[in-house]
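Just so it is clear, none of the values below were taken in a lab; they were calculated from the coordinates. All figures in this text were calculated on a predicted structure; none of them were measured in a lab. In this analysis, Cβ positions are derived from the backbone assuming ideal geometry, glycine residues included, and neighbour counts consider all displayed protein chains.
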Amino acid sequence: MSPLASLLLRDVQIATRAGGGALIGALFFLIVVVLVPFAVGPDLALLGRIAPAILWLGALLANLLTLDRLFATDYEDGSLDILLTGRVPLELVVATKAVAHWLTTALPLVVITPLLGLLLNLDFAAAQPLALTLLAGTPALTFIGLIGAALSVTLRRGGLLLVVLVLPFTLPVLIFGVSAANAAIVGPTPFGPPFAILCALTLASVVVGPFAAAVALRQGLD
């Protein structure tokens, strides 16, 4: 097995075990979706209109909730120093860790979105385009958060700083993700333009995120 595959498998195992973060993110997402209908009240039409925003906001917050563990385990046990000096380029290492985080945190949310949409007065067919926007946009949230996690890994109680650093840069993803989902479910604006911008934001974050995170780690651990 290649070093990157071993690292991916290790990070997935860490994230899915008790206290690893993946379960916390999924439970937080579920709590947001379950509680909002009680706050909104019995207006099912209103609930259906705001459902894309609720699900996207829940996914964003669940992602932010678990980002602080992205490098923390490796920093605490000293393996991050080994990764920095290893033969595998650090950019590929941090990209692999981001993929593991997305697989264990965001992908389960995408899978259950059509079912949770039923709680928000969305039928199963209408929730599928919403799940597609989450599938296309949540990698951007992870790779943007990758930079914040690298900047705050050496700081005590860096979780709050991480949120402050990352949240402004995730707002465009949130805006165009909700816009694309609303266009697909409610209309009348076309689905294509906001979805294309969302995919472009994801592509840009996947390209830039690992390089910026690698620079931040090298500077922070020197």
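Suppose we filter the stretch 164-191 for residues that are crowded, with 16+ Cβ neighbours inside 10 Å, over 12 Å from Leu141 (Cα atoms) and in contact (Cβ under 8 Å) with a residue 60 or more places away in the chain; how many remain?
Qualifying residue count for the region: 5.
Residue-wise test of (1) touching a helix residue (DSSP H, G or I) at 6+ places or on another chain (Cβ under 9 Å); (2) surrounded by fewer than 22 Cβ atoms within 10 Å (Cβ to Cβ).
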{"site": "Leu30", "(1), (2)": "yes, yes"}
{"site": "Ala39", "(1), (2)": "no, yes"}
{"site": "Leu55", "(1), (2)": "yes, no"}
{"site": "Thr73", "(1), (2)": "yes, yes"}
{"site": "Gly86", "(1), (2)": "yes, yes"}
{"site": "Leu90", "(1), (2)": "yes, yes"}
{"site": "Val110", "(1), (2)": "yes, yes"}
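Please pick out the residue among Ala62, Ala106 that is in contact with a Gly (Cβ under 6 Å, 6 or more places away or on another chain), closer than 30 Å to Ser179 by Cβ, of a type in the set (Gly, Ala, Ser) and assigned to a helix (DSSP H, G or I).
On the way: Ala106 fails: in contact with a Gly (Cβ under 6 Å, 6 or more places away or on another chain).
Checking each option against the conditions leaves just Ala62.
Consider only pairs whose beta carbons are under 7 Å apart and that are at least six residues apart or on different chains; among these, list those whose first residue lies in the stretch 24-40 and is of a type in the set (Ser, Thr, Tyr) and whose second residue is part of a helix (DSSP H, G or I).
none
Whether any residue in the stretch 152-161 is polar (S, T, N, Q), free of Cβ contacts under 8 Å to residues at least 60 places away in the same chain and surrounded by fewer than 24 Cβ atoms within 10 Å (Cβ to Cβ) is what I want to check.
From the stretch 152-161, those polar (S, T, N, Q) are 152, 154; that's our starting set.
Next, only the ones that are free of Cβ contacts under 8 Å to residues at least 60 places away in the same chain stay: none.
Looking for residues that are polar (S, T, N, Q), free of Cβ contacts under 8 Å to residues at least 60 places away in the same chain and surrounded by fewer than 24 Cβ atoms within 10 Å (Cβ to Cβ), one finds none in the stretch 152-161, hence no.
Condition first: of a type in the set (D, E, K, R) and within 28 Å of Leu130 (Cβ to Cβ). Now tell me which residues in the stretch 69-117 satisfy that.
Arg69, Lys97
Per-residue answers, yes or no, for (1) farther than 23 Å from Val215 by Cα; (2) among the hydrophobic types (A, V, I, L, M, F, W, C); (3) touching a strand residue (DSSP E or B) at 6+ places or on another chain (Cβ under 8 Å); (4) outside any helix (DSSP H, G or I):
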site: Pro114; (1), (2), (3), (4): yes, no, no, no
site: Thr133; (1), (2), (3), (4): yes, no, no, no
site: Ile144; (1), (2), (3), (4): no, yes, no, no
site: Ile147; (1), (2), (3), (4): no, yes, no, no
site: Leu155; (1), (2), (3), (4): no, yes, no, yes
site: Leu161; (1), (2), (3), (4): no, yes, no, no
site: Phe169; (1), (2), (3), (4): no, yes, no, no
site: Phe176; (1), (2), (3), (4): yes, yes, no, no
